[in-house]
1. Tally the residues that are assigned to a helix (DSSP H, G or I), within 14 Å of residue 28 (Cβ to Cβ) and either open to solvent by 50 Å² or more (accessible area, probe 1.4 Å) or aliphatic (A, V, I, L, M) (or both), restricting the search to region 69-83.
2. If you take the residues of region 121-142 that are open to solvent by less than 30 Å² (accessible area, probe 1.4 Å) and without any contact (Cβ under 8 Å) to a residue 60 or more places away in the chain, which of them is nearest to the chain's Cα centre (by Cα)?
3. So in region 38-68, with the set limited to residues that are polar (S, T, N, Q) and touching a Leu at 6+ places or on another chain (Cβ under 9 Å), which one is least open to solvent (accessible area, probe 1.4 Å)?
4. What single numbered condition from (1) touching a Lys or Arg at 6+ places or on another chain (Cβ under 7 Å); (2) within 18 Å of residue 7 (Cα to Cα) fails to hold for residue 138?
Amino acid sequence: MKKFPLFHKLIATSFGAGYSPIAPGTMGALVAVAVWYVLWLNLDYSTLQWVVAALVAVFTVLGTWSASISECFWGEDPKRVVMDETVGEWIALLAVPASGHWGYVLAAFVLFRFFDIVKPLGVRSMEKLKGGCGIMGDDILAGIYAALSMFIFNYFV
């Protein structure tokens with residue numbers, strides 16, 4: 001058996017967060033929050049949105065590829081693969097308004113984790129896709145639901 005390529009191991013585990021012995025999925029989502037926060041501190045809001053959208057696009061592709069490879073070494077839908085949580089959380093964070101108020105960031109985190117864990121409205125069915133598409137798909141949809149929930153809340157409040 002070939003050795004698991006370090007590049008794919010780093011991407012699949014969100015740079016090691018997936019090795020957390022406690023709640024690796026939550027740790028993957030926290031990686032997204034940490035990266036988003038550093039970007040929020042250093043970029044204007046418009047640039048932040050573009051950079052996060054680019055991160056979503058790039059790491060969706062890399063995460064799908066790396067998740068598929070990880071299944072060859074760790075089995076079907078391995079718990080160490082958390083790039084899906086990182087990408088899903090970035091999608092939810094796209095709905096945080098320019099103020100970056102911690103309440104919105106917390107809401108994005110909680111809503112994403114809720115939709116990721118409960119898996120309503122077709123989220124669970126995304127897991128039926130093969131390989132990395134199934135691993136990434138449910139969390140991408142959970143992130144979309146979290147973002148939509150926040151956009152709806154922001155519209156009415």
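The values are calculated or read from the model by the stated rules, or taken from the named source; none is laboratory data. Here the structure is a predicted model, which is why all the values come from computation and not from measurement. Positions of Cβ are backbone-derived with ideal geometry, glycine not excepted, and every protein chain shown enters the neighbour counts. Please note that ligands, DNA and RNA were not included when accessible areas were found on the heavy atoms of the full protein model with its side chains. Shrake-Rupley method; radii C 1.70, N 1.55, O 1.52, S 1.80 Å.
1. 1
2. In this case the residue turns out to be 139.
3. Filtering region 38-68 for residues that are polar (S, T, N, Q) and touching a Leu at 6+ places or on another chain (Cβ under 9 Å), the one least open to solvent (accessible area, probe 1.4 Å) comes out as 66.
4. (2)
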